[in-house]
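Please read the structure below before turning to the comments.
Every number here is computed from the coordinates shown, using simple stated rules; none is lab data. Just so it is clear, the structure is predicted and the values come from calculations on it, not from any experiment. Cβ: placed from backbone, ideal geometry, glycine included. Neighbour counts: every protein chain shown.
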Amino acid sequence: MHMDSVTIPDAKREVESPSGRVKIHIRCRKCGEVFILRGVRDVKGHVETGFRRCLCDNDHDFDVQVVE
Ligand SMILES: [Zn+2]
């Protein structure tokens with residue numbers, strides 16, 4: 001790994017990359033509700049969907065699957 005050798009000038013543009021768009025399949029483990037959202041994957045592999053919580057108030061117990 002050469003983590004320290006590359007400097008990317010425009011590393012600040014976080015979520016605009018068109019190729020970073022993915023579909024996210026989220027299933028609530030509490031009530032079984034399924035959400036299909038569009039997300040954006042950033043350079044670290046983190047996917048941002050804007051999803052916060054389920055209708056049942058669950059905000060942490062989900063099955064999350066990335067569909068590309
Ligand atoms: Zn739920």
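Data overview
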| quantity | calculated |
| --- | --- |
| Cβ charges +1 (Lys, Arg) and -1 (Asp, Glu), total dipole of the stretch 18-67, debye | 180 |
| Tail fraction, Cα-Cα pairs, the stretch 18-67, threshold 18 Å, whole percent | 28 |
| Surrounding net charge for PHE62, when Lys and Arg each add one and Asp and Glu each subtract one, Cβ distance under 10 Å | 0 |
